[in-house]
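A.B. asks: One structure is given below, represented as structure tokens, and several questions about it will come after.
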Amino acid sequence: MNPSLPIEKDLFSPLQLGATQLKNRIVMAPLTRCRADDNNVPTDMNRVYYQQRATAGLIITEGTQISPQGAGYPNTPGIYNQQQVNAWRQITDSVHAQGGHIFLQLWHVGRVSYPGIQPNDEPSLAPSAIKADGAYVQPRALENSEISDIIDEYKHAAENALAAGFDGVEVHAANGYLIDQFLRDGSNKRTDLYGGSYANRSRFLLKVLQVVTAVWGSDRVGIRLSPINKFNSMSDSNPEALFSYVVEQLTPLKLAYLHMVEGQIHDENFAESSSTFKPSSLRDLYQGTYMANLGYSKESANHAIKTGTAELVSFGDLFISNPDLPERFLHNTALNTTDLETRYGGTEKGYIDYPLLG
Ligand SMILES: Cc1cc2nc3c(=O)[nH]c(=O)nc-3n(C[C@H](O)[C@H](O)[C@H](O)COP(=O)(O)O)c2cc1C
């Protein structure tokens, strides 16, 4: 080996991700599977599911609500009470026992909540009283004082995640949920300090990051954005300018990573190329570790890492049906395909029974 040649990086190169040393750059993307119990407490089946996937360099858990109001769907886990902390502890211990690392995704759905999910059937909470298309409840616009209550809930949830033994947390600011609803002007029509200018629309996100990094240290906190994702009826009049501003605010925080959903989720026909603004271009504005997501294969992910357009790549759908995805990538083995019927809710079928190699 010629020592003067630079070593080419790929998905299997280790990475120091903030305070966490990863064995590879293959990340399990956050995946809501709606299989916690009826009290939003993770189960032993959830523990098996995450343990099976511990060969990923990093697991990011499914969206996990910070409060009962933060839930939008049935049987999603929470991180606001002791029972949930205890159950998550079993999961983090199991992942660590396999040599894996796991971050919790902190989630508040805002307006995206189905009837029967909100406590006492109250309206869901949102920056503005604008309903998302579909069978969601009509939201109520948050009072200014209530916004600081939610920021306190993020802090409490971050403390609980620490007590539950996670390696870090990811703040979910993507895919049309509460923080994203504040960021984009299709869902934020506020005229107070939380609406209007980019600085005002980013205020909620930055306050959340302030309390969460105070609990964890910034090198154990990641953030997820999805600038052009229309999922959950999202829109913005100028996503390029808005998210350029947001990313510029993030650099000085020295977070563990910026996780970018580079296109539109749940839409196979959508390609980043169909938008004039490419979220991947924000990578050039951001000085820090960039995690790419959406539609990556082993080949395109390796290309991104080799060419330096990303430091690591997360995989969603592939991790649903391939618990041992890193091993399959390593050996170029055939991949299982996902059963769409069993993605959300149900039993062990389509959850922990996907075949492992060998
Ligand atoms: C079943 C399912 C559940 C998902 N749940 C979440 C979630 O809880 N949080 C989140 O940020 N993204 C969620 N996503 C989006 C994925 O993290 C990822 O962005 C998407 O699947 C695109 O990546 P892929 O092309 O590798 O699958 C979900 C996607 C799917 C298919």
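A.B. asks: From the list LEU335, LEU255, which one is farther than 27 Å from ASP180 by Cα, assigned to a loop (DSSP other than H, G, I, E, B) and touching a helix residue (DSSP H, G or I) at 6+ places or on another chain (Cβ under 8 Å)? Write out each step before concluding.
C.D. replies: On the way: LEU255 fails: farther than 27 Å from ASP180 by Cα.
Residue meeting the stated conditions: LEU335.
A.B. asks: Right, something else. Could you check region 35-63 and list, in sequence order, the residues that are more than 13 Å from the ligand (Cβ to nearest atom) and charged (D, E, K, R)?
C.D. replies: ASP37, ASP38, ASP44, ARG47, ARG53 - these are the residues of region 35-63 that are more than 13 Å from the ligand (Cβ to nearest atom) and charged (D, E, K, R).
A.B. asks: Of LEU15, LEU5, LEU22, which residue is more than 16 Å from the ligand (Cβ to nearest atom) and modelled with pLDDT under 95?
C.D. replies: Only one candidate passes the filter, namely LEU5.
A.B. asks: Now for a separate question. Which one is nearest to the chain's Cα centre (by Cα), of the residues in region 5-61 that are of a type in the set (Ser, Thr, Tyr) and buried (at least 17 other Cβ atoms within 10 Å of the Cβ)?
C.D. replies: So the residue we want is THR61.
A.B. asks: Can you confirm whether region 107-119 contains a residue that is farther than 30 Å from MET291 by Cα and either within 16 Å of the ligand (Cβ to nearest atom) or touching a strand residue (DSSP E or B) at 6+ places or on another chain (Cβ under 6 Å) (or both)?
C.D. replies: Yes: one or more hits.
A.B. asks: Being over 15 Å from GLU62 (Cα atoms) and either among the β-branched types (Val, Ile, Thr) or near the ligand (Cβ under 10 Å from one of its atoms) (or both) is the filter here; which residues of region 303-330 pass it?
C.D. replies: Residues satisfying the conditions are ILE305, THR307, THR309, VAL313.
A.B. asks: Let me ask you something else. Taking region 309-327 as the search range and keeping residues that are more than 23 Å from ASP267 (Cα to Cα) and out of contact with any helix residue (DSSP H, G or I) (no Cβ under 9 Å at 6 or more places or on another chain), which one is surrounded by the fewest Cβ atoms within 10 Å (Cβ to Cβ)?
C.D. replies: Among those that are more than 23 Å from ASP267 (Cα to Cα) and out of contact with any helix residue (DSSP H, G or I) (no Cβ under 9 Å at 6 or more places or on another chain), it is GLU327.
A.B. asks: For region 128-145, which positions are under 23 Å from ILE79 (Cβ atoms) and in contact with a strand residue (DSSP E or B) (Cβ under 7 Å, 6 or more places away or on another chain)?
C.D. replies: PRO139, LEU142
A.B. asks: Looking only at region 331-346, count every residue that is more than 13 Å from the ligand (Cβ to nearest atom) and at negative phi and tell me the total.
C.D. replies: 4
A.B. asks: In addition: GLU311 passes all but one of (1) charged (D, E, K, R); (2) touching a residue at least 40 places away in the same chain (Cβ under 8 Å); (3) over 18 Å from LEU22 (Cα atoms); which number fails?
C.D. replies: Among (1) charged (D, E, K, R); (2) touching a residue at least 40 places away in the same chain (Cβ under 8 Å); (3) over 18 Å from LEU22 (Cα atoms), GLU311 violates only (3).
A.B. asks: Select from region 289-304 the residues that are out of contact with any strand residue (DSSP E or B) (no Cβ under 6 Å at 6 or more places or on another chain) and part of a loop (DSSP other than H, G, I, E, B) and write down the one among them that is surrounded by the most Cβ atoms within 10 Å (Cβ to Cβ).
C.D. replies: GLY295
A.B. asks: Does region 257-266 include one or more residues that are without any contact (Cβ under 8 Å) to a residue 24 or more places away in the chain and surrounded by fewer than 18 Cβ atoms within 10 Å (Cβ to Cβ)?
C.D. replies: Within region 257-266 (the criterion being without any contact (Cβ under 8 Å) to a residue 24 or more places away in the chain and surrounded by fewer than 18 Cβ atoms within 10 Å (Cβ to Cβ)), the answer is no, since none of the residues qualifies.
A.B. asks: Taking the conditions exactly as written (of a type in the set (Gly, Ala, Ser) and either at pLDDT below 95 or buried (at least 23 other Cβ atoms within 10 Å of the Cβ) (or both)), does SER273 satisfy them or not? Give the steps one after another, and end with the answer.
C.D. replies: Numbers: of a type in the set (Gly, Ala, Ser): yes; either at pLDDT below 95 or buried (at least 23 other Cβ atoms within 10 Å of the Cβ) (or both): yes.
Yes; evaluated as a whole, the condition is true for this residue.
A.B. asks: Still on this structure, please answer the following. Of all residues in region 70-91 being in a helix (DSSP H, G or I) and either at pLDDT below 95 or touching an Asp or Glu at 6+ places or on another chain (Cβ under 8 Å) (or both), which is surrounded by the most Cβ atoms within 10 Å (Cβ to Cβ)?
C.D. replies: GLY70
A.B. asks: Scan LEU282, LEU258 and give me the residue that is within 15 Å of the ligand (Cβ to nearest atom) and in contact with a strand residue (DSSP E or B) (Cβ under 9 Å, 6 or more places away or on another chain).
C.D. replies: LEU258
A.B. asks: Could you give me the residue pairs with C-beta distances under 6 Å whose first residue belongs to region 178-204 and is surrounded by fewer than 15 Cβ atoms within 10 Å (Cβ to Cβ), whose second residue is among the small types (Gly, Ala, Ser) wherever it lies, and which are 6+ apart or on separate chains?
C.D. replies: Pairs found: LYS189/SER128.
A.B. asks: Quick one: which of ARG190, ARG203, ARG184 is within 16 Å of the ligand (Cβ to nearest atom) and in contact with a helix residue (DSSP H, G or I) (Cβ under 9 Å, 6 or more places away or on another chain)?
C.D. replies: When all the criteria are applied, what remains is ARG184.
The values are calculated or read from the model by the stated rules, or taken from the named source; none is laboratory data. Since we're looking at a predicted model, the values are computed, not measured. Counting neighbours? That spans all protein chains shown, and the Cβs are built from the backbone with ideal geometry, glycine included.
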